[in-house]
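Trainee: Here's a structure for you.
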Amino acid sequence: MDRWLGFLIEPLSYPFMLRGLIAAVMVGVVCAVSGTYVVLRGMAFLGDALAHAILPGIAVGYLLSGGERQAIFWWGLGTAVLTALGIGTIGKRARIREDTAIGIIFASMFALGIALISTVRSYAVDLAHFLFGNVLGISARDLWLTGALGGLVLLTIIALYKEFLIISFDPILAVTLRLPSGFLDHLLLVLIALTTIVALQAVGVALMVAMLITPAATAYLLSNRLPTMMLLAALIGAFSGVAGLYLSYYVNVASGAAIVLVSTATFMLVLLFTRHRRSA
Amino acid sequence: MRPVLNLTHRHARHDAEAPILEVNQVTVKYNGRPALEEITFLLSAGEHIAVVGPNGAGKSTLFKVIAGVLKPTQGVVRIAGHHPGSHICVAYVPQSSQVEWTFPVTVADVVMMGRAGKVGLLRRPGRRDWEYVHHCLETVGLTGLASRQIGALSGGERQRMFIARALAQEAELMLMDEPLTGLDVPAQEEVLRVVDELRTRRVTVMMATHDLNLAASRFDRVVLLNRRLVGIGHPRDVFTAPLLQAAYGEHLRMVQTEAGVLLLSDTCCGRGL
């Protein structure tokens, strides 16, 4: 028993581990809750594209500030919001299929980001941080920013619970009830974009989609109501964050990857132990 | 006791003299190709009307224009004298195939969605709203299934749930898009019983259907549609050989039997436009 307690407590004696754990929990919760809508609305590809597309914004912040975290955060935030708003417009106007348009634009944004970062000589290490995250490098001030932004996302999702539920389940009902559907659709995209910024330091842009969809998909297998699904997803997300960080500490693997792998393992376990439930 | 169902709350003002629905010279084009051409008709409050026509006749398009989901290319739709965009009294009952049945919502959750317009933006439904939802579920006979996940419902129960949602919305005009497709006869009868009961509330019903017999026996009037309005009126006057031939063309066979004319339609049960 004492050995197990020691096993759990030992990493906490390092302030960076403590900050990392707090960040991992916040990221796990926020990603999982906004991820429920990504899963229910079938936006996994869009979420992935969105995460990748903010790289050029991060790159500009990185180049202008010489790697200062705050600047990167704000530049990333701005790009995320602009990108989210841009997506809604592309989908409706494009002459080619929406997913094709998204594929072209976002892969090229990602390439632009890499090109920009590669202009700095020592870019490889920093690029890796942006791509795969480094939750252990988070500062106390980053933690406050992450918390504030994550709190904003959660509050908005709670406040607009019934509206987001309606636009996701039955868009035609949303129109006949004269809800501001267009605004709500865009707002949801912006919230997902903000979520990617919250999660940027923990898992990076390349692994972001896993944090958005895996805990939510796991919760989906286990719940019959949206509030339950959100709560379960949040718990699974937080658990993945904490367990992944311990794994990274003891096995010495990259933290972002460890968090993602734990959430995948949880998903696989739940998939195995729940029989194929309802079928339409 | 407070009357649980009342239809007096309205988003837009209704003109008492205006018909509940006016469709005037409505044309809808998808990429230049007409789906509906110059449709004109009126509905008065409480009327039950069936909309029949072959696949691709524009039945769903017509409903979407009336619901305000789709803007007509030309022409106007008025609900009780006003533009549809300001009304929350029009309910669209979706085709079963358009619904994600694995969505994590219960029957009561779906019916509560209909209340959202009355509850208001950013507000949470209160105890009275839940009472109202349960009353609507009772009306359609789904009380015992309120907390089931929607995928667990049978076909007939699914349609009745959406009618309950339209009641929760306090809809005065219900647009039902082929609610009976794929249902067996007892399930159809359950749904039709609920639809008939809407007469006591003076709810106007437009139902798209492939079943001409049903349209003739359970509705006040029928609309025969094939992009254009082929006919509207009492079934007796609309379901005539020339008009049916005009609407269905090759797809309809008429067989003379001892009992009368037997109609065979081979366009049934696919997905309409």
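The values are calculated or read from the model by the stated rules, or taken from the named source; none is laboratory data. Just so you know, these numbers come straight off a predicted model, no measurement behind them. Every residue, glycine as well, gets a Cβ built from its backbone with ideal geometry; the counts of neighbours run over all protein chains shown.
Trainee: Among the residues in segment B:74-84, are any within 8 Å of another protein chain (Cβ to nearest Cβ), surrounded by fewer than 21 Cβ atoms within 10 Å (Cβ to Cβ) and not hydroxyl-bearing (Ser, Thr, Tyr)?
Mentor: Scanning segment B:74-84, I find no residue that is within 8 Å of another protein chain (Cβ to nearest Cβ), surrounded by fewer than 21 Cβ atoms within 10 Å (Cβ to Cβ) and not hydroxyl-bearing (Ser, Thr, Tyr), so the answer is no.
Trainee: A further question on this structure: Take the residues of segment A:63-113 that are part of a loop (DSSP other than H, G, I, E, B) and without any contact (Cβ under 8 Å) to a residue 12 or more places away in the chain: which is farthest from the chain's Cα centre (by Cα)?
Mentor: Among those that are part of a loop (DSSP other than H, G, I, E, B) and without any contact (Cβ under 8 Å) to a residue 12 or more places away in the chain, it is A:ARG95.
Trainee: Look at A:VAL262 and say whether it is more than 14 Å from every other protein chain (Cβ to nearest Cβ) and either at pLDDT below 95 or not in a helix (DSSP H, G or I) (or both).
Mentor: No, not satisfied.
Trainee: Take the residues of segment B:85-131 that are under 18 Å from B:ALA18 (Cα atoms) and within 8 Å of chain A (Cβ to nearest Cβ): which is surrounded by the most Cβ atoms within 10 Å (Cβ to Cβ)?
Mentor: Among them, the one singled out is B:VAL90.
Trainee: Can I ask one more? Take the conditions touching a residue at least 60 places away in the same chain (Cβ under 8 Å), more than 14 Å from chain B (Cβ to nearest Cβ) and buried (at least 20 other Cβ atoms within 10 Å of the Cβ) and apply them to A:ALA206. Does it pass?
Mentor: Yes; evaluated as a whole, the condition is true for this residue.
Trainee: Considering segment B:162-190 alone, what residues qualify as being crowded, with 24+ Cβ neighbours inside 10 Å, part of a helix (DSSP H, G or I) and in contact with a helix residue (DSSP H, G or I) (Cβ under 6 Å, 6 or more places away or on another chain)?
Mentor: Residues satisfying the conditions are B:ILE163, B:ALA164, B:ARG165, B:LEU167, B:ALA168.
Trainee: Another question, if that's okay. Of the conditions (1) in contact with a helix residue (DSSP H, G or I) (Cβ under 9 Å, 6 or more places away or on another chain); (2) within 14 Å of chain A (Cβ to nearest Cβ), B:THR143 satisfies every one except a single condition; which number is it?
Mentor: Here B:THR143 clears every test but (2).
Trainee: From A:VAL29, A:VAL25, A:VAL33, which residue is within 14 Å of chain B (Cβ to nearest Cβ), part of a helix (DSSP H, G or I), surrounded by 15 or more Cβ atoms within 10 Å (Cβ to Cβ) and touching a residue at least 24 places away in the same chain (Cβ under 8 Å)?
Mentor: A:VAL33
Trainee: If you don't mind, another one. Return the residues of segment A:1-35 that are closer than 18 Å to A:THR228 by Cα and touching a Leu at 6+ places or on another chain (Cβ under 7 Å); say none if nothing qualifies.
Mentor: Correct list: A:VAL30, A:CYS31, A:VAL33, A:SER34, A:GLY35.
Trainee: Considering each of A:ALA233, A:ALA243, A:ALA219 in turn, give the residue that is assigned to a helix (DSSP H, G or I), over 14 Å from the mean Cα position of the chain (by Cα) and buried (at least 24 other Cβ atoms within 10 Å of the Cβ).
Mentor: A:ALA219
Trainee: I've got another one for you. Kindly indicate whether A:GLY47 is under 13 Å from A:VAL198 (Cα atoms), in contact (Cβ under 8 Å) with a residue 60 or more places away in the chain, within 17 Å of the chain's Cα centre (by Cα) and crowded, with 22+ Cβ neighbours inside 10 Å.
Mentor: No, not satisfied.
Trainee: Next question, about the same structure. Filter segment B:191-214 for residues that are within 21 Å of B:PHE239 (Cβ to Cβ), of a type outside the set (Val, Ile, Thr) and in a loop (DSSP other than H, G, I, E, B) and give the result.
Mentor: Passing the criteria: B:HIS210, B:ASP211.
Trainee: Looking at segment A:167-202, which of its residues are under 27 Å from A:LEU143 (Cα atoms), buried (at least 24 other Cβ atoms within 10 Å of the Cβ) and within 14 Å of chain B (Cβ to nearest Cβ)?
Mentor: Of everything in segment A:167-202, nothing turns out to be under 27 Å from A:LEU143 (Cα atoms), buried (at least 24 other Cβ atoms within 10 Å of the Cβ) and within 14 Å of chain B (Cβ to nearest Cβ).
Trainee: Take B:VAL52 and decide whether it is under 13 Å from the mean Cα position of the chain (by Cα) and either surrounded by fewer than 22 Cβ atoms within 10 Å (Cβ to Cβ) or at pLDDT 90 or above (or both).
Mentor: Criteria met by B:VAL52.
Trainee: Among the residues in segment A:123-133, are any among the charged types (D, E, K, R), surrounded by fewer than 19 Cβ atoms within 10 Å (Cβ to Cβ) and over 20 Å from the mean Cα position of the chain (by Cα)?
Mentor: For segment A:123-133, residues among the charged types (D, E, K, R), surrounded by fewer than 19 Cβ atoms within 10 Å (Cβ to Cβ) and over 20 Å from the mean Cα position of the chain (by Cα): absent.
Trainee: Here's something else I'd like to know. If we keep just the residues of segment A:246-261 that are of a type outside the set (S, T, N, Q) and in contact with a Ser or Thr (Cβ under 6 Å, 6 or more places away or on another chain), which is farthest from A:THR214 (Cα to Cα)?
Mentor: Among them, the one singled out is A:ALA258.
Trainee: Also, quick follow-up: Please find, among B:MET161, B:MET174, the residue that is of a type outside the set (Lys, Arg) and touching a residue at least 60 places away in the same chain (Cβ under 8 Å).
Mentor: B:MET174
Trainee: Taking segment B:146-155 as the region of interest, how many residues are within 11 Å of chain A (Cβ to nearest Cβ) and of a type in the set (Ser, Thr, Tyr)?
Mentor: 1
Trainee: Within segment B:37-60, identify whether any single residue is within 14 Å of chain A (Cβ to nearest Cβ) and either β-branched (Val, Ile, Thr) or touching a residue at least 40 places away in the same chain (Cβ under 8 Å) (or both), and answer yes or no.
Mentor: Yes - at least one qualifying residue is present in segment B:37-60.
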